[in-house]
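Colleague: Here you go, one structure.
The values are calculated or read from the model by the stated rules, or taken from the named source; none is laboratory data. Everything numeric here is computed off the predicted structure, so don't read it as measured data. So basically every Cβ, Gly included, is an ideal-geometry build from the backbone, and we count neighbours across all protein chains shown. Just so you know, the surface numbers come from the protein's heavy atoms only, side chains and all, with ligands and any DNA or RNA stripped out. Shrake-Rupley method; radii C 1.70, N 1.55, O 1.52, S 1.80 Å.
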Amino acid sequence: MEILVAGGAGYIGSHTCVALLKEGHRVVVADNLCNSKAETIHKIEQITNKKVVFYQIDVTKEEDIRPVFSKHQFDGVIHFAGLKAVGESVKEPLKYYYNNVLSTIMLARMCQEYKVNRFVFSSSATVYGENEIPFVETMNLLPTTNPYGETKVISERILMDMQKANPEFCVSLLRYFNPIGAHDSGLIGEMPNGIPNNLMPYITQVAKGKLNKLKVFGKDYPTVDGTGVRDYIHVMDLAEGHVLALEKLTKGVQIYNLGTGQGTSVLQLIRAFEEANHIQVPFEISERRPGDIAEFYADASKAERELEFTARRGILDMCRDAWRFEKNLG
Ligand code: NAD
Ligand code: WQD
């Protein structure tokens with residue numbers, strides 16, 4: 001298949017391009033590089049020894065994206081092109097609603113016009129809000145407490161309504177849990193701008209000495225050791241999940257959790273990183289971060305049943321691969 005990967009130069013998108021190319025699909029990336037670099041495209045080509053067609057464009061702009069749909073006959077679209085910093089979305093809500101919702105509308109509209117019937121969307125476990133754990137696809141969604149999360153809820157809704165009006169359209173809404181790690185070549189991985197918001201990139205930068213000390217946000221949660229618990233999934237497992245979702249798309253809307261079903265606490269992740277890489281991660285306990293939930297992880301059984309998707313890589317692999325990438329950054 002020829003697949004348009006919107007946001008394909010980013011963290012999850014670039015790994016998904018590798019997984020798609022490995023399965024024999026052709027890849028066209030549309031990315032405005034607002035949170036990524038063009039060199040990632042070359043790294044994808046280097047890893048796979050295959051060509052990627054790249055357009056540096058903004059997918060919210062019709063004049064940018066229409067010529068790409070005119071030129072290619074896509075079999076499917078994977079939509080990663082979103083902004084993702086939760087804190088920033090609270091400070092600049094309009095930027096988030098504009099980019100994340102409009103990108104979904106524009107790509108869906110192009111699919112409708114150009115009769116591209118396969119659409120895979122990057123959603124997030126954040127849409128569950130503070131629900132009971134484990135999170136199951138059938139749950140009613142609860143408020144997400146930040147504009148970023150709302151853009152995912154709204155985008156899901158838009159795609160569901162669009163599908164209702166276009167019965168040929170096949171949509172997969174993939175709710176990711178916490179992707180970490182990197183491709184085992186060490187060539188591509190997560191490259192946050194400035195000081196990282198998320199745990200794993202913070203850990204790797206502390207291990208490298210770029211940052212002094214990790215702050216563990218809260219040790220009084222009702223969890224195994226008082227620190228926050230998340231369902232970390234290796235980004236290559238997540239990437240492979242996209243290929244399965246795309247290949248197994250059926251008419252209608254399918255919703256899948258992509259997680260491992262296993263919770264890991266902040267302290268457990270620090271210990272695993274130290275064990276996997278034989279390196280210390282200095283940390284101190286600090287205040288809870290506003291908006292954080294104590295614990296969540298996926299019920300991963302639907303993706304396993306229907307997509308035959310299981311995350312193969314464990315926490316130690318995630319830690320090893322994240323560290324290899326950070327070290328390679330020089
Ligand atoms: P990322 O920032 O690394 O990748 C997103 C890519 O999209 C970037 O390359 C960016 O330049 C591009 N982009 C953004 N807006 C664009 C636009 N209007 N036009 C063209 N390109 C645009 O983020 P990521 O971690 O790879 O996340 C990919 C998607 O998955 C996002 O939609 C994100 O919200 C979602 N998601 C991420 C996580 C996570 O923890 N990383 C979890 C759940 C969901
Ligand atoms: C994980 C755990 C923190 C940093 C976010 C988004 C979510 C999704 C994934 C896109 C928590 C703790 C963190 C630090 C810490 N993105 N922590 N010190 O918050 O689960 O999810 O990214 O959809 O929407 O909210 O991930 O990596 O920020 O935090 O102690 O310096 O690590 O409190 O328990 P989170 P995270």
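Colleague: Taking the residues in region 159-189 that are within 19 Å of the chain's Cα centre (by Cα), open to solvent by 20 Å² or more (accessible area, probe 1.4 Å) and over 20 Å from Thr264 (Cα atoms) as candidates, determine which candidate is nearest to ligand 2 (Cβ to nearest atom).
Modeller: Looking at residues that are within 19 Å of the chain's Cα centre (by Cα), open to solvent by 20 Å² or more (accessible area, probe 1.4 Å) and over 20 Å from Thr264 (Cα atoms), I get His183.
Colleague: Filtering region 200-235 down to residues that are in a loop (DSSP other than H, G, I, E, B) and near ligand 2 (Cβ under 7 Å from one of its atoms), which residue is farthest from Ala182 (Cα to Cα)?
Modeller: Gly218
Colleague: Working only within region 8-37, note down all residues that are near ligand 1 (Cβ under 10 Å from one of its atoms) and either open to solvent by 10 Å² or more (accessible area, probe 1.4 Å) or in contact with a His (Cβ under 7 Å, 6 or more places away or on another chain) (or both).
Modeller: Result: Gly10, Tyr11, Ile12, His15, Thr16, Asp31, Asn32, Leu33, Cys34, Asn35, Ser36, Lys37.
Colleague: Shifting gears a bit: Tell me the residue from Thr250, Thr223, Thr260, Thr310 that is among the polar types (S, T, N, Q) and over 30 Å from Phe119 (Cβ atoms), please.
Modeller: One residue alone meets the criteria, Thr223.
Colleague: Can you confirm whether Val18 is away from ligand 2 (no atom under 16 Å from the Cβ), closer than 17 Å to Gly189 by Cα and at pLDDT 95 or above?
Modeller: yes
Colleague: Same structure again: Hey, among the residues in region 44-65 that are within 14 Å of ligand 1 (Cβ to nearest atom) and either at pLDDT below 95 or in a helix (DSSP H, G or I) (or both), which one's surrounded by the most Cβ atoms within 10 Å (Cβ to Cβ)?
Modeller: Ile44
Colleague: Starting from residues that are part of a helix (DSSP H, G or I) and within 16 Å of ligand 2 (Cβ to nearest atom), keep the ones in region 96-124 and report whichever is surrounded by the most Cβ atoms within 10 Å (Cβ to Cβ).
Modeller: By that ranking, first place goes to Thr104.
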